[in-house]
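Working notes, beginning with the structure itself.
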Amino acid sequence: MDPDTLDWAALDRLRETFLQGKSASAGAYWHSRSDLANYDATFGERIGWKWDAVLRELRLRGWQPPPGPVLDFGCGSGVAGLRVIAAFGAERFTKLFVHDRSALAEEFALFRAREEFSTLATARLARAELATLELPGTLVVSHVLNELPDNQRRQLLALARRAQAVIWVEPGTHADSGELIAVREALREEFVVVAPCTHCEACGLLAPGNERHWCHNFAPPPPAIFADSGWTRFARRAGIDLRSLPYSFLVLERKPGSPDCPPPPPGVSRMLGIPRLYKGYLKLYDCSSTSVRELMLQKRDLPELFASLADESEAVPLFQWHTEKARAHAGTHWPPAV
Ligand SMILES: C[S@@+](CC[C@H](N)C(=O)[O-])C[C@H]1O[C@@H](n2cnc3c(N)ncnc32)[C@H](O)[C@@H]1O
């Protein structure tokens, strides 16, 4: 990463387009291959760190996508599809399909795929082909939802319904979380919910009283970037906090062929967001099959867990708690360290 060689006019324009929610109306905002290369090395790489967190969690849960093709919808520079293939091994996948409303993006994503996985078959899929595609593999979607008008969201949902598995990552806002929950609820009868949930029941965030909460977590960036003057100068110039990588995600696998509901076992729950730290204690939102509740944890009860929760590099926010009322008096990470 060398911020001096970046095209800042292009990055500023892209960032403003994304930030101001103009992406839907901006049309094809990729103007050149260079736009995609600049995005890929910077904002795209940060999205890749969110994917790394999601894929790490999937591996820890012991889940893999079914063998077959991968389709990266709204591929941009191709970061999502490539991260999935790298995480599970190119030999697991028969082909990488890319689709984007921008032909420049599709070309760039295919170029990057050939660079990284020279023997993997690749192809672009036209919009017309998507309309009837039965995908005997995995649909990958990343940071696309807020660019789609309602009719295209419905088409994407219909495409998801014709896939064997779906891995979908969005930016982690209240609105994105709500959209992903709607996808989860629409597909829950035909698919098992692999993650982020620890259960396959209705989403607890839909229960009355939980409207202000949303399902999101924070990905840990690679520690080395904080010692990398290129990344720190990039962050200063771009006005971004390198530590803050919120994301919401959803992973589904078609029934049958998968268990009724995949691990973790009953009793495991997910922390939403990050804990709120106070003197000697912290509070967190805990989501399980039975409730979304606020839990309090005293440092003196669980010093090691307290320290790891306070450490922002905590990657997989799954826990088994023993509680009395709203206070956790014992707890462990899940899966337990071996
Ligand atoms: C914010 S970028 C994300 C790119 C990539 N998925 C990532 O995570 O880095 C959104 C992408 O969605 C594409 N896109 C927007 N609307 C689309 C549509 N209706 N059909 C296909 N792609 C679309 C854009 O061209 C852009 O490449």
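Here are a few things to note about the model shown:
- Close pairs (6 angstrom Cβ cut-off, 6 or more residues apart or separate chains): farther than 17 Å from Ala10 by Cβ in region 226-240, assigned to a loop (DSSP other than H, G, I, E, B) anywhere: Gly230/Met1; Gly230/Asp2; Trp231/Met1; Ala235/Leu242
- Scan of region 150-178 for residues that are in a helix (DSSP H, G or I), of a type outside the set (A, V, I, L, M, F, W, C) and either buried (at least 21 other Cβ atoms within 10 Å of the Cβ) or within 13 Å of the ligand (Cβ to nearest atom) (or both), ordered by number: Asp150, Asn151, Gln152, Arg153, Arg154, Gln155, Asp176, Ser177
Yes or no, residue by residue, for (1) in the same structural domain as Arg61 (by TED's automatic domain parsing); (2) touching a Phe, Trp or Tyr at 6+ places or on another chain (Cβ under 9 Å); (3) closer than 27 Å to Trp51 by Cα:
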{"position": "Gly273", "(1), (2), (3)": "no, yes, yes"}
{"position": "Lys279", "(1), (2), (3)": "no, no, no"}
{"position": "Ser289", "(1), (2), (3)": "no, no, yes"}
{"position": "Val292", "(1), (2), (3)": "no, yes, yes"}
{"position": "Met296", "(1), (2), (3)": "no, yes, no"}
{"position": "Leu302", "(1), (2), (3)": "no, no, no"}
{"position": "Phe306", "(1), (2), (3)": "no, yes, yes"}
{"position": "Ala310", "(1), (2), (3)": "no, no, yes"}
{"position": "Leu318", "(1), (2), (3)": "no, yes, yes"}
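- Applying the condition of being in a loop (DSSP other than H, G, I, E, B) and buried (at least 23 other Cβ atoms within 10 Å of the Cβ) to region 57-82 and asking which residue is nearest to the ligand (Cβ to nearest atom) yields Gly76.
- Subset of region 134-149 that is part of a strand (DSSP E or B) and among the polar types (S, T, N, Q) - its residue that is farthest from the ligand (Cβ to nearest atom): Thr138
- Residues located in region 32-42, provided they are crowded, with 21+ Cβ neighbours inside 10 Å and near the ligand (Cβ under 9 Å from one of its atoms): Leu36, Tyr39
- In region 148-172, the residues that are assigned by TED's automatic domain parsing to the domain that holds Cys197 and on the phi < 0 side of the Ramachandran plot form Cβ pairs under 6 Å with partners that are near the ligand (Cβ under 10 Å from one of its atoms) and part of a strand (DSSP E or B), at six or more places apart or across chains, as follows: Ile167/Val140; Trp168/Val141; Val169/Ser142.
- Screening the candidates Trp231, Trp214 for the property of being over 19 Å from the mean Cα position of the chain (by Cα) and aromatic (Phe, Trp, Tyr) yields one hit, Trp231.
- The residues in region 252-284 that are surrounded by 17 or more Cβ atoms within 10 Å (Cβ to Cβ), closer than 16 Å to Ala326 by Cα and of a type in the set (Gly, Ala, Ser) can be counted, and the count is 1.
- One residue stands out in region 43-56 among those that are within 9 Å of the ligand (Cβ to nearest atom) and among the aromatic types (Phe, Trp, Tyr): the one that is nearest to Thr232 (Cα to Cα), namely Phe43.
- Of all residues making up region 15-40, the number that are of a type outside the set (S, T, N, Q), within 20 Å of Pro171 (Cα to Cα) and at pLDDT 95 or above: 4
- Odd one out for Leu245, checked against (1) closer than 30 Å to Glu189 by Cβ; (2) in contact with a Lys or Arg (Cβ under 6 Å, 6 or more places away or on another chain): (1)
- Per-region count, region 83-111, residues in a helix (DSSP H, G or I), surrounded by 13 or more Cβ atoms within 10 Å (Cβ to Cβ) and within 11 Å of the ligand (Cβ to nearest atom): 6
- The number of residues in region 132-144 being hydrophobic (A, V, I, L, M, F, W, C) and either at pLDDT below 95 or closer than 11 Å to Arg161 by Cα (or both) comes to 3.
The values are calculated or read from the model by the stated rules, or taken from the named source; none is laboratory data. Keep in mind that what you see is a predicted model, and the values were worked out from it rather than measured. Every residue, glycine among them, receives a Cβ derived from its backbone with ideal geometry; neighbour counts consider all protein chains shown.
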